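The values are calculated or read from the model by the stated rules, or taken from the named source; none is laboratory data. What you see is a predicted model, and the numbers here were worked out from it, not measured in a lab. Here the Cβ positions follow ideal geometry from the backbone for every residue, glycine too, while neighbour counts run over all protein chains shown.
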């Protein structure tokens with residue numbers, strides 16, 4: 001495969017610095033093979049004008065760029081091997097790029113905070129490597145299965161099966177590393193759904209009721225009682241600092257529909273296309289379209305359906321931070337399963 005790369009005196013250039021000077025890089029941004037210099041100049045000027053409100057001196061950029069060339073290269077000539085194997089996964093039509101970085105058991109930090117720091121470092125390295133901004137996660141893969149990851153963001157059964165099911169939807173640079181699916185722990189999926197929705201609702205008018213049950217160890221039924229009172233038609237804003245309302249509603253919708261299908265029908269949904277086949281009426285949420293009150297009513301009905309389903313799943317028993325139901329056991333403190341990984345292979 002061929003790409004265009006910006007060069008100066010046969011060295012790769014980091015174009016993000018052209019407004020200040022000419023700097024070389026070992027990991028250049030790979031540009032479209034049909035990109036012209038005129039189009040490149042237009043796109044770069046437009047980007048920086050938008051980014052900096054037109055305050056940048058474009059003449060400096062143009063002067064530096066006059067000394068550079070757009071040269072066609074084969075991919076193998078440009079890209080050095082990245083430090084970690086990586087795998088794209090998730091919806092094929094997502095506006096975000098979801099990626100798993102594979103690290104060894106020895107490289108995986110012990111604490112979750114250290115893992116989050118490491119994945120951010122790798123994301124930055126990956127951007128410098130190929131110019132892609134990604135949503136990364138860390139995984140340890142052994143004997144053909146994912147055995148560790150960053151939690152409570154995710155757990156191994158869902159991450160493993162998501163990669164296995166959606167790997168073929170993306171252009172990959174590495175062969176599929178997992179050889180099969182893992183048996184899903186439905187109790188953990190139920191608990192993550194409840195906790196995630198409550199966290200996203202924690203700055204709404206339901207805050208006081210949610211605050212009383214979201215922290216600490218409480219009977220699971222207490223969480224369901226709080227969620228039973230939620231009506232999305234009366235929520236005007238979620239007031240979250242790091243997530244907009246449209247993304248929050250999309251996340252809640254996907255969690256609910258995904259969990260209902262897993263618990264009720266053993267169906268695993270990992271893409272928006274799959275979700276839309278089960279819930280076409282919720283298309284506007286999943287694809288971040290403009291919503292009307294009827295949409296929010298449909299989401300409230302979906303929440304009610306989920307609550308009824310999980311109430312009938314079995315008897316929830318809490319012993320400290322250990323929750324059990326229907327033969328499954330989870331650790332609610334860090335949202336992981338108690339099972340040994342070897343015992344849950346399909």
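Would it be correct to say that residue 178 is in contact with a strand residue (DSSP E or B) (Cβ under 9 Å, 6 or more places away or on another chain), over 22 Å from residue 249 (Cα atoms), free of Cβ contacts under 8 Å to residues at least 60 places away in the same chain and outside the structural domain of residue 99 (by TED's automatic domain parsing)? The answer is yes for residue 178. With respect to residue 263, is the statement that it is touching a residue at least 40 places away in the same chain (Cβ under 8 Å), surrounded by 14 or more Cβ atoms within 10 Å (Cβ to Cβ), farther than 20 Å from residue 214 by Cβ and out of contact with any helix residue (DSSP H, G or I) (no Cβ under 6 Å at 6 or more places or on another chain) true? It is false that residue 263 is touching a residue at least 40 places away in the same chain (Cβ under 8 Å), surrounded by 14 or more Cβ atoms within 10 Å (Cβ to Cβ), farther than 20 Å from residue 214 by Cβ and out of contact with any helix residue (DSSP H, G or I) (no Cβ under 6 Å at 6 or more places or on another chain). Does residue 320 qualify as being surrounded by fewer than 15 Cβ atoms within 10 Å (Cβ to Cβ) and either in contact (Cβ under 8 Å) with a residue 24 or more places away in the chain or not assigned by TED's automatic domain parsing to the domain that holds residue 190 (or both)? So residue 320 fits the description; yes. The single condition among (1) without any contact (Cβ under 8 Å) to a residue 60 or more places away in the chain; (2) farther than 30 Å from residue 167 by Cβ; (3) buried (at least 16 other Cβ atoms within 10 Å of the Cβ) that residue 286 does not meet is (2).
When the stretch 263-277 is filtered for residues that are part of a helix (DSSP H, G or I) and either over 17 Å from residue 90 (Cα atoms) or touching a strand residue (DSSP E or B) at 6+ places or on another chain (Cβ under 6 Å) (or both), the ones remaining, listed by number, are 263, 264, 265.
Of the residues making up the stretch 109-134, those that are out of contact with any helix residue (DSSP H, G or I) (no Cβ under 8 Å at 6 or more places or on another chain), without any contact (Cβ under 8 Å) to a residue 40 or more places away in the chain and under 26 Å from residue 30 (Cα atoms) number 8. Within the stretch 31-60, the set of residues being surrounded by 14 or more Cβ atoms within 10 Å (Cβ to Cβ), modelled with pLDDT under 80 and closer than 18 Å to residue 8 by Cβ comprises 31, 44. Taken together, the residues in the stretch 204-234 that are within 25 Å of the chain's Cα centre (by Cα), surrounded by 14 or more Cβ atoms within 10 Å (Cβ to Cβ) and in a loop (DSSP other than H, G, I, E, B) amount to 1. If you go through the stretch 176-198 and keep only what is out of contact with any helix residue (DSSP H, G or I) (no Cβ under 6 Å at 6 or more places or on another chain) and part of a helix (DSSP H, G or I), you end up with 187, 188, 191, 192, 195.
The combined condition, being at pLDDT below 95 and assigned by TED's automatic domain parsing to the domain that holds residue 312, is not fulfilled by residue 154. Whenever a residue of the stretch 54-75 is more than 30 Å from residue 173 (Cα to Cα), its partners that are modelled with pLDDT under 80 and exposed (fewer than 11 other Cβ atoms within 10 Å of the Cβ), lying with C-beta atoms within less than 7 angstrom and at least six residues away or across chains, give the pairs 64/21. When 148, 173 are checked against the criterion of being crowded, with 18+ Cβ neighbours inside 10 Å and either touching a helix residue (DSSP H, G or I) at 6+ places or on another chain (Cβ under 8 Å) or part of a loop (DSSP other than H, G, I, E, B) (or both), a single residue qualifies: 148.
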